[in-house]
Each structure stands twice: as structure tokens, then as C-alpha cells.
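Worksheet: the structure to be examined is printed underneath.
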Amino acid sequence: MLLPAYIDMHTHREQTSDAVMALQNRYDGFDVPPGNQYCSMGLHPWYLGEVSAQMALLAHYARHRQVLAIGECGLDKICTTPWALQLEAFRQQIALAEQLKKPLIVHCVRAYTEIMALLKTVVVPVIIHGFQKKPELAAALLGQGFYLSFGKALLENKAQAAASLAATTADRFFLETDHAALPIRRIYEAASEIRKTGPDELILQLQKNFKTVFT
């Protein structure tokens, strides 16, 4: 796969720039053809309903070659979705990712202990998206073999996010825009400054990380 300069690991927005390879997230509309857009598909814990029906659709459409990952999926202790339903959906998506041999993109809010326990024996790559917690938690997640994806918190002078990015090994992180209406290049610029890494070196490293996980 020939990669452009910038990789947006996780976004909910349409990508129109040829300089960006964006992994657009879908939590519904699985039956809409992705066209030339690469995407991830998953059942977000905020939007769970009839999980068996949702999983049947996901399992069918996630096999498409343009679907590079399962997710975002995971656990969220501050949303209104019943905990048992979240666990059921997450376990099934872990199994689907393992079956399809596709990486997992994980949403986690105040449930890192549970996430780490459920993913302890998972073989496929795991990417924790939107990470902005303390370096100590980052170290624990990295120690379990996970990847961390950092986003707009790097532009908001959030010390924890910056400290965690600075402490993350070069081969274990990605950058993303998520819902933010801003170019991924701005996240790259912030990351380059935080890590004291030249822009070209950062671009090459994230291309290498992407190839490691997805090819």
C-alpha cells in the first residue's frame, strides 16, 4: 500500500485530501459501500440496541477489503448504555476481530482495568483511540502490547496527553482527528514539537507503524 504523507488513524469526517490517508469510522450505515475510502466499522458503546442484529450486519460488511479495522468499540462507564450490554457487544467484537484478523480500535472511558483484562490474550493489534491519560497508564497499556492514538488534546495544552506521547516509544503510536474539524497536519505539528522530532521523521515513522499494523 502506497501511503500519503499524513495518516489520520481515526476520524468521523469525510476525507478529501490526497495528502491524507484517513481511517473513517462507522458505527452504523455498514451497508453503504466505502468506495475508495478506507474505514473501520464497529458498535460504539453509546449506540447499542439489538446487539445480535447489529453484530450480524457488522460481521457481514466488515469483511470488505476497504474495512481495515473493527471499532471503535469498547466500554464507557459514563454513558447510559447498560454495562452488561456493553460487555456483550465488546466481547463479540473482539471475537470478530480475531476471526477476521483485523486490528481493534478501542473506545475506553474509565474502564481501563476491564479493557486490559478482556484483551489480555488477544492476538490482533489493539489501538486505544483518543488517549489523553497519565504516562503511568500509557506505560501499562504499552506493556500489554497496545498502540496509543493521540488527538486534539495535544493542541489543548493537556499536560497528561503531551507527557504520555513524549514517553511512548516511536513504534507504538498514531495520530487522529476524531470528531474535530481540523486538519491532521496540525496534530502532526503538535506531536513533532512534543516529541522533538523532525516533521519528515515523524511522517516516516507513522507510515512504518501503519504498515506494521495493517499490512
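Assorted remarks:
- Charge dipole of the chain (Cα centre as origin; +1 on each Lys and Arg Cβ, -1 on each Asp and Glu Cβ, all else neutral): 380 debye, rounded to the nearest 20.
- With all protein chains in place and a 1.4 Å probe, the accessible surface of segment 82-209 carries 54 percent carbon and sulfur.
- Amide hydrogen proximity for Phe174: with H placed 1.01 Å from N in the peptide plane, the residues at 5 or more positions away or on another chain lying under 5 Å are Leu148, Ser149, Phe150.
- Treating each Cα of the chain as one equal point scatterer and applying the Debye formula with no solvent, the log10 of I(q)/I(0) at q = 0.10, 0.16 Å⁻¹ comes out as -0.40, -1.07.
- J(HN,Hα) series, segment 7-23, from Karplus relation 6.51 cos²θ - 1.76 cosθ + 1.60, nearest Hz, glycine and proline x: 10, 9, 5, 7, 9, 9, 10, 5, 9, 10, 8, 6, 7, 10, 9, 9, 9
- Helical content of the chain, expressed as a calculated mean residue ellipticity at 222 nm, amounts to -12000 deg cm²/dmol (DSSP H runs of 4 or more residues, -39,500 (n - 2.57) each, divided by residue number, nearest 500).
- Span-rule helices in the chain, defined as complete DSSP H runs reaching 24 Å or more along the axis (Cα) with Kyte mean at least -1.0: 83-100
- C-alpha center-to-center spacing [segment 1-27, segment 89-131] in angstrom: 21 Å
- In segment 139-215, the GluC sites (Glu not before Pro) that fall in loop regions by DSSP, at most 14 other Cβ within 10 Å: Glu156
- Placing one equal scatterer on every Cα of segment 90-215 and applying the Debye formula, the log10 ratio I(q)/I(0) at q = 0.16, 0.18, 0.21 Å⁻¹ is -0.78, -0.98, -1.28.
- For segment 183-215, applying the loop criterion from DSSP together with a ceiling of 13 other beta carbons within 10 Å to the trypsin sites (Lys or Arg not before Pro) yields Lys196.
- Scaled radius of gyration (Cα, divided by 2.2 N^0.38 Å) that segment 166-215 gives: 1.12
- Unit Cα scatterers, Debye sum, segment 26-151: log10 I(q)/I(0) for q = 0.09, 0.14, 0.15, 0.20 Å⁻¹: -0.23, -0.56, -0.65, -1.14
The values are calculated or read from the model by the stated rules, or taken from the named source; none is laboratory data. None of the values given here were measured: they were computed from a predicted structure. No Cβ is skipped: glycine too gets one built from the backbone with ideal geometry, and neighbour counts run over all protein chains shown. Surface areas here come from the heavy atoms of the whole protein model, side chains and all, with no ligands, DNA or RNA. Shrake-Rupley method; radii C 1.70, N 1.55, O 1.52, S 1.80 Å.
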